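All remarks here apply to the structure that follows.
The values are calculated or read from the model by the stated rules, or taken from the named source; none is laboratory data. Quick caveat, the model's predicted, so the values are computed rather than measured. FYI the Cβ positions are ideal-geometry reconstructions off the backbone, even for glycines, and counts take in every protein chain you see. Accessible surface areas use protein heavy atoms only, side chains included; no ligands, DNA or RNA. Shrake-Rupley method; radii C 1.70, N 1.55, O 1.52, S 1.80 Å.
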There are 2 protein chains.
Amino acid sequence: MKIHHHLIRLTALSALILLPTLSSAQNVEPTPNGIKYPTGLTNWRVIGTSIRNDNNTQRVILGNSIAIKAARSNTEKKQWPDGTILAKLVWKNETLPTWQAATVPGDFVHAEIMVRDTKKYASTGGWGFARWKGLELSPHGKDKEDAQQPCFECHKAAESTGFVFTQPAKMP
Amino acid sequence: MKIHHHLIRLTALSALILLPTLSSAQNVEPTPNGIKYPTGLTNWRVIGTSIRNDNNTQRVILGNSIAIKAARSNTEKKQWPDGTILAKLVWKNETLPTWQAATVPGDFVHAEIMVRDTKKYASTGGWGFARWKGLELSPHGKDKEDAQQPCFECHKAAESTGFVFTQPAKMP
């Protein structure tokens with residue numbers, strides 16, 4: 001009887017732990033280049049932030065555990081090991097009503113990820129690219145080529161930093 | 001013997017889990033108004049981002065578990081329960097070398113937190129305020145009054161949103 005109670009408690013506890021992770025991402029369609037939306041992405045830790053003045057957006061850059069370990073190591077030139085996933089949550093800029101000099105996240109634009117697999121994505125700098133648009137996370141790209149290649153074309157500008165624009169922010 | 005092995009494994013596992021949390025914050029001095037720097041703050045989940053054009057900074061806003069639960073609930077007007085801690089990591093703006101239209105985190109300015117305790121901080125809107133400057137996290141404020149009151153004076157501008165400037169960003 002006592003064991004039975006413990007089992008029930010354990011099951012309830014597991015459900016509580018899994019719930020926040022499973023809630024949002026379970027019905028998201030993969031992108032045409034076969035990349036799955038990572039479960040629990042919004043619970044990942046922070047690598048940095050950035051603002052794009054050319055399209056009036058701001059974003060937070062998150063990483064899975066492999067990415068965070070690499071981002072927070074003290075090597076000068078970042079090495080992103082296979083298995084790294086870098087993620088961006090992007091919002092339109094909006095003025096904060098209570099402090100007009102502040103620009104804050106308005107509409108959600110998209111979630112984007114870069115998946116590190118040096119073999120699988122050898123032809124695009126070792127990175128797989130994916131984007132899901134809007135709060136409904138609708139996968140971007142007409143086909144496999146369209147989902148991957150235009151991202152890489154733009155990321156060539158960051159070849160000197162391993163095709164990654166994001167440089168981890170300094171953290172205490 | 002087998003139990004002994006399991007114990008060693010468990011101990012090693014606990015050490016691995018605790019290690020990233022304990023590494024940075026253990027020697028940080030509390031602020032003069034008695035607020036402690038939260039252990040593992042940089043591992044907290046994201047509530048939003050913001051840019052201040054009046055002082056050329058960008059920041060990520062993080063929250064402890066109580067804050068995240070409140071931030072991600074679907075109530076229109078956020079209620080921050082006692083125990084909530086909101087945190088800001090703030091950086092000076094810098095131009096990204098590989099994409100000149102992007103503004104990214106440069107020097108780390110400070111970490112700030114707001115601690116919700118409606119009784120203890122009744123005279124300052126139910127919030128305790130604290131700031132630690134630079135990567136060395138040196139506590140801000142000459143004395144108890146100086147560490148708390150000027151923050152609250154400024155936050156009065158956000159009285160309509162419970163003295164909190166941050167409104168949680170829309171997330172998928």
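Would you be able to say whether some residue in the stretch A:73-86 is facing chain B (nearest Cβ under 8 Å) and either of a type in the set (K, R) or under 23 Å from B:I51 (Cα atoms) (or both)?
no
Is there a residue in the stretch B:26-44 that is of a type in the set (V, I, T), modelled with pLDDT of 95 or more and open to solvent by 50 Å² or more (accessible area, probe 1.4 Å)?
No, the stretch B:26-44 has no match at all.
Conditions tested, residue by residue: (1) of a type in the set (K, R); (2) within 15 Å of the chain's Cα centre (by Cα); (3) under 26 Å from B:F152 (Cβ atoms).
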| position | (1), (2), (3) |
| --- | --- |
| B:L62 | no, yes, yes |
| B:K88 | yes, yes, yes |
| B:N93 | no, no, no |
| B:P97 | no, no, no |
| B:T103 | no, no, no |
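For the condition open to solvent by 70 Å² or more (accessible area, probe 1.4 Å), modelled with pLDDT under 95 and either in contact with a Phe, Trp or Tyr (Cβ under 8 Å, 6 or more places away or on another chain) or not polar (S, T, N, Q) (or both), what is the one hit in B:E136, B:E76?
Going through B:E136, B:E76 in turn, the sole match is B:E76.
Being among the β-branched types (V, I, T), buried (at least 19 other Cβ atoms within 10 Å of the Cβ) and touching a residue at least 60 places away in the same chain (Cβ under 8 Å) is true for just one of A:I85, A:I61, A:I68. Which residue is that?
A:I61
Residue-by-condition table, conditions (1) in a strand (DSSP E or B); (2) open to solvent by less than 50 Å² (accessible area, probe 1.4 Å); (3) touching a helix residue (DSSP H, G or I) at 6+ places or on another chain (Cβ under 9 Å):
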position	(1), (2), (3)
A:T95	yes, no, no
A:A101	yes, yes, no
A:V104	yes, yes, no
A:I113	yes, yes, yes
A:T118	no, no, no
A:S123	no, no, yes
A:G128	yes, yes, yes
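Among (1) more than 8 Å from chain A (Cβ to nearest Cβ); (2) in contact with a Ser or Thr (Cβ under 7 Å, 6 or more places away or on another chain); (3) free of Cβ contacts under 8 Å to residues at least 60 places away in the same chain, which single condition is B:I47 missing?
(3)
Looking at (1) in a strand (DSSP E or B); (2) of a type outside the set (G, A, S); (3) open to solvent by less than 50 Å² (accessible area, probe 1.4 Å), find the lone condition where A:Q148 falls short.
Condition not satisfied by A:Q148: (1).
Please name all residue pairs, on different chains or six or more residues apart, with Cβ atoms under 6 Å, provided the first residue is in the stretch B:159-172 and is part of a loop (DSSP other than H, G, I, E, B) and the second residue is crowded, with 20+ Cβ neighbours inside 10 Å and of a type in the set (V, I, T).
That search, which allows pairs on different chains as well, returns B:T166/B:I61; B:P168/B:I47; B:M171/A:T42.
Are any of the residues in the stretch B:48-57 farther than 14 Å from B:A169 by Cα and crowded, with 22+ Cβ neighbours inside 10 Å?
No, the stretch B:48-57 contains no residue that is farther than 14 Å from B:A169 by Cα and crowded, with 22+ Cβ neighbours inside 10 Å.
Among (1) crowded, with 20+ Cβ neighbours inside 10 Å; (2) closer than 20 Å to A:I51 by Cα; (3) of a type in the set (A, V, I, L, M); (4) within 13 Å of another protein chain (Cβ to nearest Cβ), which single condition is A:A158 missing?
Failed condition: (1).
Answer with yes or no whether B:S123 is in contact (Cβ under 8 Å) with a residue 12 or more places away in the chain and out of contact with any Ser or Thr (no Cβ under 7 Å at 6 or more places or on another chain).
Here the answer is no, as B:S123 does not meet what is asked.
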